[in-house]
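The block underneath contains the structure these notes are about, expressed in structure tokens.
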Amino acid sequence: MSTTREAARTSGLKVELGGNPISRLERTPPGNSEIIGVVAAAVVLFVAFGSLFAMLLPDRDRGRRVGSGLMIVTLMTHVLTIGQIGPILGALIGLGVGIDYALFIVSRYRSGLKKG
């Protein structure tokens, strides 16, 4: 790709490649930050819930909801222009909100048990 660009350049002509096919080729692969975030969330939920089964229930439910949301965003890309960071950001926000709500529900339940 860069050899084609360099071969077309002359002293008076600056050549740059762009468009959808080029951006797909030059796209950087996703990093490990998403995986690290999910693992950290699993550890926090395991400590809060005290059970592997109880930890996996919000993860399974959240995974379905975030997955369906990402599918809807993917369908929307055929009609709208959505940046590359959009689906990743949406997935991470969905995971964070799911963890917060799970912890909120458990803390409310535990405080209710303490009050009788």
Check: Taking region 45-64, which residues are exposed (fewer than 14 other Cβ atoms within 10 Å of the Cβ) and in contact (Cβ under 8 Å) with a residue 12 or more places away in the chain?
Finding: Asp61
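In this structure, is Ile105 among the β-branched types (Val, Ile, Thr) and open to solvent by 90 Å² or more (accessible area, probe 1.4 Å)? Let's see the steps before the verdict.
Values: among the β-branched types (Val, Ile, Thr): yes; open to solvent by 90 Å² or more (accessible area, probe 1.4 Å): yes.
In short, yes.
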Note to self: Looking for something farther than 30 Å from Thr4 by Cα, more than 19 Å from the chain's Cα centre (by Cα) and of a type in the set (Phe, Trp, Tyr) - is there at least one such residue anywhere in region 91-103?
What the structure shows: no
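Take region 19-37 and flag every residue that is open to solvent by 70 Å² or more (accessible area, probe 1.4 Å), assigned to a helix (DSSP H, G or I) and at pLDDT 75 or above.
The first filter runs over region 19-37 and keeps only residues open to solvent by 70 Å² or more (accessible area, probe 1.4 Å), leaving 20-21, 24-30, 32-33, 35-36.
Those still in the list that are assigned to a helix (DSSP H, G or I) too: 20-21, 24-26, 33, 35-36.
Within region 19-37, Ile35, Ile36 meet the criteria.
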Note to self: Pairs needed: first member in region 3-18, in a loop (DSSP other than H, G, I, E, B); second member anywhere, of a type outside the set (Val, Ile, Thr); C-beta distance under 6 Å; at least 6 residues apart or different chains.
What the structure shows: Val15/Arg5; Val15/Ala8; Val15/Arg9; Leu17/Arg5
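In region 49-89, how many are among the small types (Gly, Ala, Ser) and either at pLDDT 80 or above or not in a helix (DSSP H, G or I) (or both)? Let's see the steps before the verdict.
Just the residues of region 49-89 that are among the small types (Gly, Ala, Ser), to begin with: 50-51, 54, 63, 67-69, 83, 86.
With either at pLDDT 80 or above or not in a helix (DSSP H, G or I) (or both) added as a condition, the list becomes 50-51, 67-69, 83.
Result for region 49-89: 6.
The values are calculated or read from the model by the stated rules, or taken from the named source; none is laboratory data. All values reported here derive from a predicted model rather than from experimental measurement. All Cβ positions, glycine included, derive from the backbone under ideal geometry; neighbour counts span all protein chains shown. All accessible areas refer to the heavy atoms of the entire protein, side chains included, with ligands and DNA or RNA removed. Shrake-Rupley method; radii C 1.70, N 1.55, O 1.52, S 1.80 Å.
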